[in-house]
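Encoded as structure tokens, the structure appears first; notes follow it.
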Ligand SMILES: C=C(CC[C@@H](C)[C@H]1CC[C@H]2C3=CC[C@H]4[C@H](C)[C@@H](O)CC[C@]4(C)[C@H]3CC[C@]12C)C(C)C
Ligand SMILES: C[S@@+](CC[C@H](N)C(=O)[O-])C[C@H]1O[C@@H](n2cnc3c(N)ncnc32)[C@H](O)[C@@H]1O
């Protein structure tokens, strides 16, 4: 081969690799590129160790049940997965029913706007987002309703990502984000006109604890809506296949233990809420929420190759391949949970904090 042919072949190969990694591997919403994958707030040298530590929680299930250890375990999880989520899913870290003729992004927005429509938000009101991620829902909700949203997340890295996205979207005056634990929120009593949480309270070891905090910060008469991850009426604890699916979901999603749908209203009532409505939004005529996960399978293989190449080259931190593999397996468990009907990520509960009784 003469030198021209070598240079030509090498350039073609380099262009191909660039296209595979940077173009094909780009996030749905251009938030993150594969070459930017990091371990969140964890130093790149410590990603592998933190991943091992994350797994060790599941070897000592008693510790996950100890409420005070859970926020740190959830924080580690989100340091490990936030960039991969943004890269491969977008800025909203939740599911939504697929809607024929609508893109994933549109279906996601519709699901988010439904939450705020349910709590009847008015422009200028102060609304709480309990477990806000990098703020995909917050921005959609603020833009849709004209309200001011304050989000809380346990993960410092997500705060910085959410703030950067808010600024880029020109919504930083309507959207604020604080780092904190939703089990002990740094907010005054009765300081919010409404609240929502989207696929976030499932991380609380005791649902009553997070509901009680949300109840405390809401003004009397205001509404709270939550999309809960739960097992359904079809789940059978004595069926080993059901147990395997649910444990797979818990391990790959930092959950201290999935609750049954029948526990949700009881928790809300226990802390003083009136339950206005409860509905599994995944039930027909809604189209499967897991079809997006299933359709993405080919892309996950491609992503896995990209992550392996980047980790070998030292671009992605050591441990990224393990984290990606964990998510890959989780996608399968979630799909099985949806297909068997034993699990839903969108059991909706709408609650009201009662008005104060006149003395
Ligand atoms: C509410 C939670 C998160 C829900 C979802 C946003 C995430 C659950 C599983 C995640 C993913 C699985 C497979 C990944 C894939 C292998 C990778 O290449 C690209 C990202 C994934 C698609 C990733 C994206 C986010 C999820 C769908 C929980 C944590 C309570
Ligand atoms: C799956 S993400 C959903 C994020 C967001 N609601 C969305 O739909 O994009 C769950 C969120 O809950 C947050 N979270 C979990 N446990 C928390 C806790 N104890 N305190 C505050 N936030 C918490 C996580 O940090 C993360 O932001």
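Applying a threshold of 9 Å to beta carbon distances and a minimum spacing of six or more residues, or different chains, the list of pairs starting in region 145-156 at a residue that is in contact (Cβ under 8 Å) with a residue 40 or more places away in the chain and ending at one that is within 16 Å of ligand 1 (Cβ to nearest atom) and in a strand (DSSP E or B) reads 150/129; 153/129.
Selection over region 279-310 of residues that are more than 21 Å from the chain's Cα centre (by Cα) and either within 16 Å of ligand 2 (Cβ to nearest atom) or more than 30 Å from residue 33 (Cα to Cα) (or both) gives a count of 2.
Here's the yes/no breakdown for (1) touching a residue at least 60 places away in the same chain (Cβ under 8 Å); (2) in contact with a helix residue (DSSP H, G or I) (Cβ under 8 Å, 6 or more places away or on another chain); (3) within 14 Å of ligand 1 (Cβ to nearest atom); (4) not in a helix (DSSP H, G or I):
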{"site": "235", "(1), (2), (3), (4)": "yes, yes, no, yes"}
{"site": "257", "(1), (2), (3), (4)": "yes, yes, yes, yes"}
{"site": "267", "(1), (2), (3), (4)": "yes, yes, no, no"}
{"site": "304", "(1), (2), (3), (4)": "no, yes, yes, no"}
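Of the residues making up region 200-224, those that are within 16 Å of ligand 1 (Cβ to nearest atom) and closer than 27 Å to residue 124 by Cβ are 200, 201, 210. Of all residues in region 51-87, those that are within 16 Å of ligand 1 (Cβ to nearest atom) and either modelled with pLDDT of 95 or more or not in a helix (DSSP H, G or I) (or both) total 15.
The single condition from (1) near ligand 2 (Cβ under 10 Å from one of its atoms); (2) out of contact with any helix residue (DSSP H, G or I) (no Cβ under 7 Å at 6 or more places or on another chain) that residue 124 fails is (1).
Based on what the data block shows, is residue 329 assigned to a helix (DSSP H, G or I), in contact with a helix residue (DSSP H, G or I) (Cβ under 7 Å, 6 or more places away or on another chain), modelled with pLDDT under 95 and away from ligand 2 (no atom under 16 Å from the Cβ)? No; evaluated as a whole, the condition is false for this residue.
The values are calculated or read from the model by the stated rules, or taken from the named source; none is laboratory data. Keep in mind that this is a model prediction, so the values were computed, not measured. Cβ atoms come from the backbone with ideal geometry, glycine included; neighbour counts cover every protein chain shown.
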